[in-house]
Amino acid sequence: NAGVTQTPKFQVLKTGQSMTLQCAQDMNHNSMYWYRQDPGMGLRLIYYSASEGTTDKGEVPNGYNVSRLNKREFSLRLESAAPSQTSVYFCASSDRVDSYEKLFFGSGTQLSVL
Amino acid sequence: GESVGLHLPTLSVQEGDNSIINCAYSNSASDYFIWYKQESGKGPQFIIDIRSNMDKRQGQRVTVLLNKTVKHLSLQIAATQPGDSAVYFCAENGGATNKLIFGTGTLLAVQP
């Protein structure tokens with residue numbers, strides 16, 4: 001099992017450019033998430049999808065959009081990249097049981113916006 | 001507001017010693033806690049979890065202790081090895097969205 005797969009691993013953008021981060025999981029999980037990780041800060045939730053066909057905002061959604069393409073895939077789009085979006089992005093998935101949710105993470109995408 | 005914090009941003013231990021990483025949480029409604037390990041350049045990896053109806057849970061070389069009275073969580077690693085060098089995060093499931101809230105992490109450095 002590959003688990004959670006993210007592409008690309010590295011990306012450099014110029015301010016104003018757009019791009020989509022791809023994420024796929026093969027664990028048949030219902031829930032998927034996008035987080036960003038910045039130095040000195042914990043993981044912050046951007047968007048999540050509790051099930052196929054639904055998406056919801058997390059803590060820091062501004063400047064991002066998401067698409068839950070199917071049960072396996074959840075993409076994150078930056079329409080007009082800004083330097084403040086320079087970060088490491090992690091996708092995660094989980095199979096929630098009651099309120100107990102164990103997340104499994106991908107290996108991350110390091111994004112630099114110049 | 002809600003917060004999950006770590007007392008020590010960096011912990012340096014000798015190989016073979018036991019390590020203890022601490023975490024304070026603020027949301028008394030949280031009833032599920034997880035420890036993650038993150039090696040350089042990789043995503044967080046699940047280590048161990050504990051529900052609030054337990055005080056202690058053991059895994060392979062790791063033990064998590066939960067003290068609900070003082071809202072404190074700790075991760076104990078026995079016989080620490082160089083491969084244990086990483087950043088360790090605690091997370092709680094409290095909050096309005098009932099989503100995991102992560103602490104900022106503690107860097108564990110294992111000295112040979």
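Read the figures in this text as sums done on the coordinates, not as results from a lab. Model, not experiment: these values are computed from the prediction. Reconstructed Cβ throughout: ideal geometry from the backbone, glycine too, with neighbour counts over all protein chains shown.
When region A:55-88 is examined, which residues are found to be closer than 27 Å to B:G94 by Cα and out of contact with any strand residue (DSSP E or B) (no Cβ under 7 Å at 6 or more places or on another chain)? If the condition is that a residue be closer than 27 Å to B:G94 by Cα and out of contact with any strand residue (DSSP E or B) (no Cβ under 7 Å at 6 or more places or on another chain), then A:N62, A:K71 are the ones that fit.
Would you say A:S87 is surrounded by fewer than 22 Cβ atoms within 10 Å (Cβ to Cβ), more than 13 Å from chain B (Cβ to nearest Cβ) and free of Cβ contacts under 8 Å to residues at least 60 places away in the same chain? Spelling it out, A:S87 is indeed surrounded by fewer than 22 Cβ atoms within 10 Å (Cβ to Cβ), more than 13 Å from chain B (Cβ to nearest Cβ) and free of Cβ contacts under 8 Å to residues at least 60 places away in the same chain.
Among the residues examined, A:E52 qualifies as surrounded by 13 or more Cβ atoms within 10 Å (Cβ to Cβ) and of a type in the set (D, E). Test A:S67 against the criterion of being free of Cβ contacts under 8 Å to residues at least 40 places away in the same chain and within 11 Å of the chain's Cα centre (by Cα), and give yes or no. Here the answer is yes, as A:S67 does meet what is asked.
Considering region B:28-50 alone, what residues qualify as being more than 27 Å from A:G108 (Cβ to Cβ) and of a type in the set (S, T, N, Q)? Reasoning before the result, please.
The initial filter retains those residues of region B:28-50 that are more than 27 Å from A:G108 (Cβ to Cβ), namely B:28-29, B:31.
B:S28 - this is the single residue of region B:28-50 that is more than 27 Å from A:G108 (Cβ to Cβ) and of a type in the set (S, T, N, Q).
This table checks each residue for (1) among the basic types (K, R); (2) touching a residue at least 12 places away in the same chain (Cβ under 8 Å).
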position: B:R57; (1), (2): yes, no
position: B:V62; (1), (2): no, yes
position: B:K68; (1), (2): yes, yes
position: B:L73; (1), (2): no, yes
position: B:I77; (1), (2): no, yes
position: B:T80; (1), (2): no, yes
position: B:A86; (1), (2): no, yes
position: B:F89; (1), (2): no, yes
position: B:N93; (1), (2): no, yes
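Residue count for region A:24-34 under the criterion of being surrounded by 14 or more Cβ atoms within 10 Å (Cβ to Cβ) and without any contact (Cβ under 8 Å) to a residue 60 or more places away in the chain: the result is 2. Looking at A:L69, A:L78, A:L21, just one residue is surrounded by 15 or more Cβ atoms within 10 Å (Cβ to Cβ) and away from every other protein chain (no Cβ under 14 Å), and that residue is A:L78. Looking at B:S26, B:S74, can you tell me which residue is more than 14 Å from chain A (Cβ to nearest Cβ) and surrounded by fewer than 20 Cβ atoms within 10 Å (Cβ to Cβ)? Residue meeting the stated conditions: B:S74. I'm checking my understanding of the structure. Among residues of region B:29-71 that are part of a loop (DSSP other than H, G, I, E, B) and among the acidic types (D, E), which one is surrounded by the fewest Cβ atoms within 10 Å (Cβ to Cβ)? Restricting to residues being part of a loop (DSSP other than H, G, I, E, B) and among the acidic types (D, E), the top hit is B:D55.
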